[in-house]
C-alpha cells in the first residue's frame, strides 16, 4: 500500500500497526473520537490516521517536532478531547462531546496572523481527491515520493492519498538527508517528488549536471526566480499547486514556466480574482460551503491560469503606490552574489510606508553595489530605503519567511545598536 523510507507496508500490515498503536496508547476509537496526534514515526502516525479515518473519527495531526507543551496547547485550542503524544499514553483533555461527523483538523499557517483551527469533513476531502486526480493527470503513471510532512495537507492529501487514489504505492521519506533522498529517487521508476521549495532548491543544487530529477511538485511559497531556474534546469518536469487550509488544493499547474503561475483551478471550485496583471484583486474560492477569502492578490490569465501577485498583508503602500515584495526580491537576487532576499514594509512619516530589504550575500557584494544595482532595476518608489545584511535567512521548512517577525527582529537590532551607541 505504502512505503515509509525502506519499509514496505501492505494494507494488512498498516491495519495491524494502526490497531497496535491504538491499543498500546489505550485509545478507544469511534465516531465520537476527537484526538490530536503527535508521533515521531511516520509509519505509526499514518497507520493510526487510516484507522481513525475509517472509523469516521476526528483527528488533528501535529508535526512531530512540536514540543509537548505546544502540542497540548494546539490540541486544547482545537477542542480535542484527547492527545496522543510520542512515548505517552493517551491524555484526556476535555469532557467527551456528542458524536459528530468525522473531521480532519489542521491549523492555518499563521504566516500573517494568529493560526486558527480549520475543520474539513472526510466527504469534503474525498471531493478534493476526486477533482485533483481527474484534473491533474500528468502524474497518473508516476510514483509519489512524499518528502514533506504528512501531518500537513500538501503531503497527506495531495501526495499520499491522491497517489493511493490513482492505484500507486506512495513512498514517504521521513529522513531529512538530501543525499539519501536523491538515492531513493534513483531507485524509483518515474518518481514525482512532493517537497518544499527550500528542499527542491537544495536537491537541484546537489543533482549532478548530467542527471535530472524526473518530476517535482512545489507548493507553500512563491519560488524566488533564481531558485526556480535552478530547479527547472535539473528537472524534466516541474509542477506547482496552490491552496489554503480552508479548501485544500485550489489550482494545479502541469507545466510550470513562471513561478507566479499557480495553475488551473480544480473543477470542484469556482475561483475569482483580478482581470489582469495591472488590476489584481483578492483571490476568492467559491465552494459548496461558501466563499473563502484567501488574503492573496492575483488575477486570472490566459486559459484561466491563476496568477499570484502577493499576500494582501505583505503589499507595501508607498505614497499611494503598491509595491509587491517579490518584485523587489527578484531584482535583488539578479545581482550576482546575492543568495536570498526578503522585502517588507516599514512605517514612514511622509510616505506612509517604505520598503526595507534583508539579504544574504557573498563578501564581494557591498551595500553600495546592491543599491546601485537596484536603482537600475526598480522604480524609485520600489527601491528599499533600508538594507540589512544577515548571515542566514530565517526560512521555515516550507520556505516561507514570517515578514512581520523579520521586521520586528530588524527593528530590535536597530534599537540595540542605537542604545549601544548612546552609551558613554
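Nothing in this text is a laboratory measurement; each read-out follows from the coordinates by a stated rule. Just so it is clear, the structure is predicted and the values come from calculations on it, not from any experiment. Ideal geometry is used to build each Cβ from the backbone, glycine not excepted, and the neighbour counts take in all protein chains shown.
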As I understand it, the value is the acute angle between the Cα axis of helix 68-77 and the longest principal axis of the Cα atoms of the chain; what does it come to in degrees, rounded to 10?
80 degrees
Mind giving me the nanometre distance, one decimal, between the label points for residue 412 and residue 187, set 7 Å out from Cα along Cα→Cβ?
4.3 nm
Send over the per residue convex hull volume for region 2-107, Cα only, as a whole number of Å³.
95 Å³
Tell me the angle of helix 122-135 to the major Cα principal axis of the chain, expressed in degrees between 0 and 90 and rounded to the nearest ten.
60 degrees
For Rg/Rh (Cα atoms, Kirkwood Rh), the listed values are [x] 0.98; [y] 1.05; [z] 1.08; which was obtained by calculation from the structure presented?
[x]
For a quick check, take a GNM of the chain with Cα springs below 10 Å and name the residue from 162, 372, 343 with the largest mean-square fluctuation.
372
Working only with C-alpha atoms, what are the Rg and Dmax values of region 105-205, expressed in angstrom?
14.7, 42
Max mean-square fluctuation residue, GNM over the chain, Cα-Cα springs under 10 Å, options 57, 409, 215:
409
Distance from region 75-97 to region 285-359 (C-alpha centre basis), Å
39 Å
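Counting only DSSP beta bridges with both residues in region 315-422, tell me the antiparallel percent, nearest 5.
On the way: 13 of 17 bridges.
Looking only at bridges with both residues in region 315-422, the antiparallel portion is about 75 percent.
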Taking a ≥ b ≥ c as the square roots of the Cα gyration tensor eigenvalues, with a/c under 1.5 meaning rounded and otherwise prolate when a/b beats b/c or oblate if not, region 294-356 comes out oblate
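Determine the gain in length on full extension of the stretch residue 386-residue 336; use 0.36 nm per residue of separation and subtract their C-alpha separation, reporting nm with one decimal.
Numbers: separation 50, 0.36 × 50 = 18.00 nm, distance 1.98 nm.
Full-extension gain reported as 16.0 nm.
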I want the antiparallel fraction of DSSP beta bridges within region 123-313, as a percent rounded to 5.
65 percent
Taking every pair of distinct Cα atoms and averaging 1/r, then inverting, what Kirkwood hydrodynamic radius in Å comes out for region 174-229?
11.8 Å
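Compute the whole-percent fraction of alpha carbon pairs in region 123-313 spaced more than 28 Å apart.
Working: 4084 of 18145 pairs.
That tail contains 23 percent of the Cα-Cα pairs.
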Cα-based helix-to-principal-axis angle, 367-377 vs the chain, degrees rounded to 10:
90 degrees
Counting each DSSP H run of 4 or more residues in the chain as -39500 (n - 2.57), what helix-only mean residue ellipticity at 222 nm follows after dividing by all residues, to the nearest 500 deg cm²/dmol?
-9000 deg cm²/dmol
Prolate/oblate/rounded label for region 315-422 (Cα gyration tensor, a/c 1.5):
rounded
